[in-house]
1. Go through the stretch 94-128 and give me each residue that's farther than 28 Å from GLY141 by Cβ, β-branched (Val, Ile, Thr) and either buried (at least 16 other Cβ atoms within 10 Å of the Cβ) or touching an Asp or Glu at 6+ places or on another chain (Cβ under 7 Å) (or both).
2. Are there strands (runs of 3 or more DSSP E) fully within the stretch 61-114 with at least 2 residues that are of a type in the set (Val, Ile, Thr)? List them.
3. Starting from the stretch 133-146, take each residue that is over 21 Å from PRO221 (Cα atoms) and list its partners that are open to solvent by 30 Å² or more (accessible area, probe 1.4 Å) and in a strand (DSSP E or B), counting only C-beta distances under 9 angstrom and pairs at least six apart or across chains.
4. Which condition number in (1) open to solvent by 30 Å² or more (accessible area, probe 1.4 Å); (2) within 18 Å of the chain's Cα centre (by Cα); (3) at pLDDT 95 or above is the one that ALA251 fails?
5. Could you say which residue among LEU65, LEU69, LEU85 is hydrophobic (A, V, I, L, M, F, W, C) and either modelled with pLDDT under 95 or surrounded by 18 or more Cβ atoms within 10 Å (Cβ to Cβ) (or both)?
6. Restricting to the stretch 147-187, give me the number of residues that are in contact (Cβ under 8 Å) with a residue 60 or more places away in the chain and not aliphatic (A, V, I, L, M).
7. Six or more apart or on different chains, Cβ atoms under 7 Å: show the pairs whose first residue is in the stretch 190-204 and assigned to a helix (DSSP H, G or I) and whose second is open to solvent by 40 Å² or more (accessible area, probe 1.4 Å).
8. Does SER216 qualify as being assigned to a helix (DSSP H, G or I), small (Gly, Ala, Ser) and either surrounded by 15 or more Cβ atoms within 10 Å (Cβ to Cβ) or more than 16 Å from the chain's Cα centre (by Cα) (or both)?
Amino acid sequence: MLAAAGLVVCALGVSALRLAQAQHLPDLVTPNVLRVCADPANMPFTNRKGEGFENKIAAILADELKIPLRYYWMPQGPGFVRNSLGLKLCDVIIGYAAGAEIVQHSNPYYRTVYTALVRAGGELSGFKQLSDQRLRSKRIGVIAATPPVDHLEALGRGQNMKSYSLLVDRRFESPAEEMIADLLADRLDIGILWGPIAGYAASQHEGALIKVPLTSEAERPPLAYRIALGMRPNEIEWKRILNNVLQKRQADIDRVLLSYGVPLLDDDDRLIGEPASQGTKP
């Protein structure tokens, strides 16, 4: 009986120790380096050369924390979070949809929206909404299984869509670049992409492509999303630290995003930091 009681006491002691350790969550985060999970070939977000805007944001975080920056590279896709954050190979993901349950997220640091691309001076000049009757006879590029597909199908435009793959290894394939090439070559009349990708494409082909943020569509499914940092659940102190950094360096982060053409929205769906353009609410 005494032996059994001793085991119970030991078990309770171990549980208490684990509980105490769990309340010192910064110990789980590498304190002397910012370890970032990222895709090695996913422009305009990240690449190994550090050319993406999420690379620049990671550098801002590391600068504010006064620690070196180190990457764990892995193509984004099924298992990305489990095999990176989950295995404690890194401590943060730059750019994750706020509210995603698989990770704990920081306070959002930008909001953006799915965006259409049309050729400058083309037949869709002045395009603002997916309900535009001209789309009834136009070739529409979409990424498979993304929210704009639902909107187009609800509007009876399903037969006009050309679908590009959603989940690919960006080291070997780039559906967005294929769509943009088709649009420039007049094999499509309009392409619809996630805002940062569309905005970057428009900036890379200035004068040839016009971006139209889709801010005037039906509310469901949503086309605009808040983006945050992703981290492991329950790392409360780490979240607090990152939130403080984001707040302090928000202006620097905004400058990076705008320099890559990312359409930034306020809560009233107005574009931030650039002139009013097609597709925005008055």
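1. Selection gives VAL103 alone.
2. Result: 92-97, 110-113.
3. Note: pairs meeting the criteria are ARG139/MET161; ARG139/LYS162.
4. Every condition holds for ALA251 apart from (2).
5. LEU85 is the lone residue from the list that is hydrophobic (A, V, I, L, M, F, W, C) and either modelled with pLDDT under 95 or surrounded by 18 or more Cβ atoms within 10 Å (Cβ to Cβ) (or both).
6. Matching residues across the stretch 147-187 total 8.
7. So the pair list comes out as ALA202/ILE210.
8. no
The values are calculated or read from the model by the stated rules, or taken from the named source; none is laboratory data. From a predicted model like this one, the values you see are computed outputs, not experimental measurements. Here the Cβ is made from the backbone with ideal geometry for all residues, glycine too, and neighbour counts use every protein chain on show. Quick note on the areas: whole protein, heavy atoms, side chains included, nothing else; ligands and nucleic acids left out. Shrake-Rupley method; radii C 1.70, N 1.55, O 1.52, S 1.80 Å.
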